Amino acid sequence: MLRVTDDIALDEWEMTEHFVRSSGPGGQNVNKVATAVELRFEAARSPNLPDPVKTRLRRLAGRRWTDEGAIVLKVDETRSQARNREIARQRLADLVARAAVAPKRRKPTRPTLASKRRRLEAKTKRAGVKAMRGRVSSGDE
C-alpha cells in the first residue's frame, strides 16, 4: 500500500511494475540487467480516488495518461533497480498528492482608484514619448 495523503492510499493491485533494459551509458551493465522500471497505475479504475481527483489527475498526467485510463511512469535515472522503483513510486505519490489539492476559487476584484490613475498617467507619458518620435518640421516650410 502506498500512502499519498491522510485520506488517500493506493493498493498494490492498482500498480504493476515492469522492469526493462535501461538506455544510455552504463557499460555492460546496461546490456545485462533490466534496471529501468515502468510503473503502471490504473487510475480510472481506482476505488481509492474520488472523481474530482481523477479529473485533476488526468489533466496533470498529460501524455502519461493512456486511453485505458492508466498512468505510465518510466524511470531509468539510476543503475539500481530498487532505487528506480522508489523514484517511480514517489513520483506517482507526488502526482496524486498534487491532484488531491483542490484549486482555490478566484474571487473577482475591482481595480482601485489609485491603480486606475497610475495606469492612465503611464499611458499619457508613453503617448508623449511616442509623439516626440514624429518627423521634425523646420520653420521655413
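The values are calculated or read from the model by the stated rules, or taken from the named source; none is laboratory data. It should be emphasised that the depicted structure is a prediction, and the values quoted were computed from it without experimental measurement. Neighbour counts run over all protein chains shown; Cβ positions are idealised from the backbone, glycine included.
Of the numbered criteria (1) surrounded by fewer than 10 Cβ atoms within 10 Å (Cβ to Cβ); (2) farther than 27 Å from residue 8 by Cβ; (3) of a type in the set (Gly, Ala, Ser), the one residue 80 fails is (1). Taken together, the criteria exclude residue 85 from residues that are within 20 Å of the chain's Cα centre (by Cα), surrounded by 15 or more Cβ atoms within 10 Å (Cβ to Cβ), assigned to a helix (DSSP H, G or I) and not hydroxyl-bearing (Ser, Thr, Tyr). Taking the numbered list (1) over 16 Å from the mean Cα position of the chain (by Cα); (2) on the phi > 0 side of the Ramachandran plot in turn, residue 62 passes all entries but (1). In the range 97-104, is there at least one residue being out of contact with any strand residue (DSSP E or B) (no Cβ under 7 Å at 6 or more places or on another chain) and crowded, with 17+ Cβ neighbours inside 10 Å? Yes - at least one qualifying residue is present in the range 97-104.
One line per residue, one yes/no per condition, for (1) at pLDDT below 90; (2) in contact with a helix residue (DSSP H, G or I) (Cβ under 8 Å, 6 or more places away or on another chain); (3) assigned to a helix (DSSP H, G or I):
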{"residue": "105", "(1), (2), (3)": "no, no, no"}
{"residue": "108", "(1), (2), (3)": "no, no, no"}
{"residue": "122", "(1), (2), (3)": "no, no, yes"}
{"residue": "125", "(1), (2), (3)": "no, no, yes"}
{"residue": "139", "(1), (2), (3)": "yes, no, no"}
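Checked against (1) surrounded by fewer than 13 Cβ atoms within 10 Å (Cβ to Cβ); (2) in contact (Cβ under 8 Å) with a residue 12 or more places away in the chain; (3) closer than 11 Å to residue 95 by Cβ, residue 41 meets all criteria but (1).
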